[in-house]
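Structure first, then comments.
The values are calculated or read from the model by the stated rules, or taken from the named source; none is laboratory data. Being a predicted model, the structure only gives us computed values, none of them experimental. Cβ: placed from backbone, ideal geometry, glycine included. Neighbour counts: every protein chain shown. Please note that ligands, DNA and RNA were not included when accessible areas were found on the heavy atoms of the full protein model with its side chains. Shrake-Rupley method; radii C 1.70, N 1.55, O 1.52, S 1.80 Å.
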Amino acid sequence: MLRLTLERRPGRDDLVAFGLAARSPAAWVLPALGLLPAAGAALRPSALARPWRMWNRAARGYGRVARAAVLGVAFGVFTVVGRAGARFALHPSPSGPGWTPKARDAAGRDAAPGATGASWARRLLSWSRDGENGWAAFLVPFLLLLHALEADASARAAEEIYTLY
Amino acid sequence: MTTHILGISAFFHDSAAALLSDGEIVAAAQEERFTRKKHDPGFPSRAIEYCLREAGIGAGDLAAAAFYEQPLVKFERLLETYLAYSPEGFASFRDALPGWAGGKLDLPGRIREELGPEFRGELLFTDHHESHAASAFFPSPFEEAAILTLDAVGEWTTSAIGAGHGSRLALERELRFPHSLGMLYSAFTWYTGFKVNSGEYKLMGLAPYGRPIYRDRILEHVVDVAPDGSLALRMEYFNYCQGRTMTSERFHELFGGPPRRPESRITQKEMDLAASIQAVTEEIVLAAGRHAHEATGLADLAMAGGVALNCVANGRLLRDGPFERVWVQPAAGDAGGALGAALLVWHHALGRPRRVQPRDAQKGSRLGPAFDDTDIGCYLDSVGATYERISGEPELLDRVASLMEEGKVVGWFEGRMEYGPRALGARSIIGDARSPELQRTMNLKIKFREGFRPFAPCVLREHVHEVFETRPEEDWPYMLFVAPVREDRRRALTDEERRRMEDPDLTIRVSVPRSEFPAITHVDLSARIQTVDEERHGRYWRLMKRFHERTGSPVIVNTSFNIRGEPIVCTPDDAYRCFMGTDMDALVLESHLLLKERQPEALRPDREAYKAQFALD
């Protein structure tokens, strides 16, 4: 699938590529129609600039809706499954403050040993299986979907809060 | 064959890179200095590129790269937090998860992709607080020392105690999220209207204007503190686990109202809150320090973690605590984790020995890029600047000292850039600390920042005990400790001045001269000191010596070379733009001297446009 960069001004190559890609849906309707965008792209790329921008806006909106839907479902599933399986390490000790022993950890390898070269999803699955976090595996399909929706790794949290993640 | 190890910190705040060659710190820098985005959390590509260039190597020459924390363990903490508070927390979950799906879960792949296919070394992930501990202990001048790390949170740990001996260290005890001194302090930072992760420093500077009238309320309701310095937060007062703000409605009710709106007027309430949380923080740090001393039996202490940037608490720990000496990593926050990760790999994973340097191995924290006179001259010619190139150092220093004596403010750009949040005489704005007007001028016309904030002194190390209440020739080169001005250097206040000290306008309070060095003396007569010596500071020390010979003052004002919201300048171009966009009178770029009145009018940028480039911090 052609991935369009939404932010920058389209160059000639972008518009030609868009024209060639746009012929695919059109070709389903009427094969002859499919030739038009391709011809336009070849002869006059600038004519496609506006449809290109409109397509990008629509794609961006679709991405937002899809991400929100995926996240909503993920949160629901995660909450149900997690409550069944998590350790709830967060809750404070009822006896109040106090230093606890820290597990020693020399400079370690990637948290999923032996998984060098494996995809991140496989590493996450290995980690969830080997630790006590099997329930986290249920998030993997949602994470894969978010990854496919080009979730932004540099997205920032609200500025009113310390970045905990 | 030389073994090169690259350390990396990234993706949360203050990304950085550091490079060791056979265990020696060759280069270290924060990414923000190159991208000009303050606290830039992005992958530190440019910082890495600089480090490799400084060492004259490529990624293919690296034996290993080390990332400063373990992302999957952090992910676990994130998920456990959401579960503990579910079904609340969806907004926070929605903010966080895309970032992880978009790249944080694939850090090994991302790092290898950024370093390129020529990188064939090992990729390791260290523990966050062990990275801090390593950044503190290994460069310190101590053969053995207790170790205390304090921050908001790493993976799960928020504070840790341990010990270092020779080339090994171990953290034995920890406090775990959500119980965090760093988060407690950040919560008050946010509530008083400052930005988290950059405003903590301002809260510390505001504290001397207030009274700790909320101290008891904090200790009764908000946090339980044990005699050993451990703490447990009452989470009903906080919102950072499940929400998008630091404090909850219950916190607001406890302290009599909603948080102060950023940039609105600071009232006595905020000053008193600042004083109160500072008092609580000092008590916790002191108690934790005592506990570390009892647990280890060691005479010296090495510290790191973001809370270790609280130099008032550090000064209290040194004065009232059980340690003979305390050494704090200058890049004590997450940027320093890059250095710590590399050091952990060298000493622990590779088992290499440590050579303890008697005056520390941090090299004055001058670990960033330098620029030579030829390149600077070419640059200045290219922009049409008017300058003098003064090849003889004595003449240059005479000219600069004379300008300072006249009350001029000078941008000083010399040598390698500092690593860490403080300017230490390589990228500094300097002036005469005896001037009663300088503090106001620098705050409002040069830094464009809050008028209540004091400036810090640089003092010739051989004279530090003559001006401040320190031991003779105290070695504090990193501006991480606060000490009072000596009594014989203070001024008695007139009745009128005492009234001005009660004025609700803090700029009036801070303008009352309280010592012979009004520009650097805070309202409580304290100062955040940097000692300057010839071995570490070279030309900067010689400048101060020249100024001392002319004026009798061993003290000058030193503030970072930037305006509010801007990272400290890195290149001559950054420095020239800042110089032209502010009311600085002169600029020194190595051997080049520029005077503002001689610069072409056409080169002066619109002041507001210059300021608008940088988001307020």
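Annotation note: of B:Ala304, B:Ala299, the sole residue that is closer than 24 Å to B:Lys38 by Cα and of a type in the set (A, V, I, L, M) is B:Ala304.
The combined condition, being closer than 27 Å to B:Arg319 by Cα and surrounded by fewer than 17 Cβ atoms within 10 Å (Cβ to Cβ), is not fulfilled by B:Pro454. Listed by position, the strands (runs of 3 or more DSSP E) enclosed by region B:376-481 that each have at least 1 residues that are polar (S, T, N, Q) are B:427-432.
Does B:Ser511 satisfy the criteria of being surrounded by fewer than 24 Cβ atoms within 10 Å (Cβ to Cβ) and under 24 Å from the mean Cα position of the chain (by Cα)? The answer is no for B:Ser511.
For residues in region B:107-120 being closer than 16 Å to B:Phe12 by Cβ and surrounded by fewer than 22 Cβ atoms within 10 Å (Cβ to Cβ), which is nearest to the other protein chains (Cβ to nearest Cβ)? Filtering first and then ranking leaves B:Arg110.
To keep it simple, each residue is scored yes or no on (1) hydroxyl-bearing (Ser, Thr, Tyr); (2) in contact with a helix residue (DSSP H, G or I) (Cβ under 8 Å, 6 or more places away or on another chain); (3) free of Cβ contacts under 8 Å to residues at least 12 places away in the same chain.
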{"residue": "B:Ala84", "(1), (2), (3)": "no, no, no"}
{"residue": "B:Pro98", "(1), (2), (3)": "no, yes, yes"}
{"residue": "B:Pro108", "(1), (2), (3)": "no, yes, no"}
{"residue": "B:Glu114", "(1), (2), (3)": "no, yes, no"}
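State whether the residues of region B:255-264 include one that is more than 11 Å from every other protein chain (Cβ to nearest Cβ) and assigned to a helix (DSSP H, G or I). The answer is no; no qualifying residue exists. Restricting B:Ala96, B:Ala64, B:Ala55 to those that are at the interface with chain A (Cβ under 8 Å from one of its Cβ atoms), under 26 Å from B:Thr35 (Cα atoms) and either open to solvent by less than 10 Å² (accessible area, probe 1.4 Å) or at pLDDT 90 or above (or both) reduces the list to B:Ala96. There is at least one residue in region B:72-87 that is more than 7 Å from chain A (Cβ to nearest Cβ), open to solvent by less than 20 Å² (accessible area, probe 1.4 Å) and touching a Lys or Arg at 6+ places or on another chain (Cβ under 8 Å).
When region B:432-462 is limited to residues that are modelled with pLDDT of 90 or more and small (Gly, Ala, Ser), the one that is farthest from B:Val400 (Cα to Cα) turns out to be B:Ala456. Here B:Arg359 passes the criteria (1) modelled with pLDDT of 95 or more; (2) assigned to a loop (DSSP other than H, G, I, E, B) except the one numbered (1). There is no residue in region B:141-163 that is of a type in the set (Gly, Ala, Ser), more than 11 Å from chain A (Cβ to nearest Cβ), surrounded by fewer than 24 Cβ atoms within 10 Å (Cβ to Cβ) and within 25 Å of A:Leu124 (Cβ to Cβ).
Of all residues assigned to region B:165-177, at least one qualifies as being of a type outside the set (D, E, K, R), modelled with pLDDT under 95 and closer than 24 Å to B:Val196 by Cα. Within region B:185-233, the set of residues being away from chain A (no Cβ under 13 Å) and within 19 Å of the chain's Cα centre (by Cα) comprises B:Tyr201, B:Lys202, B:Leu203, B:Met204, B:Gly205, B:Leu206, B:Ala207.
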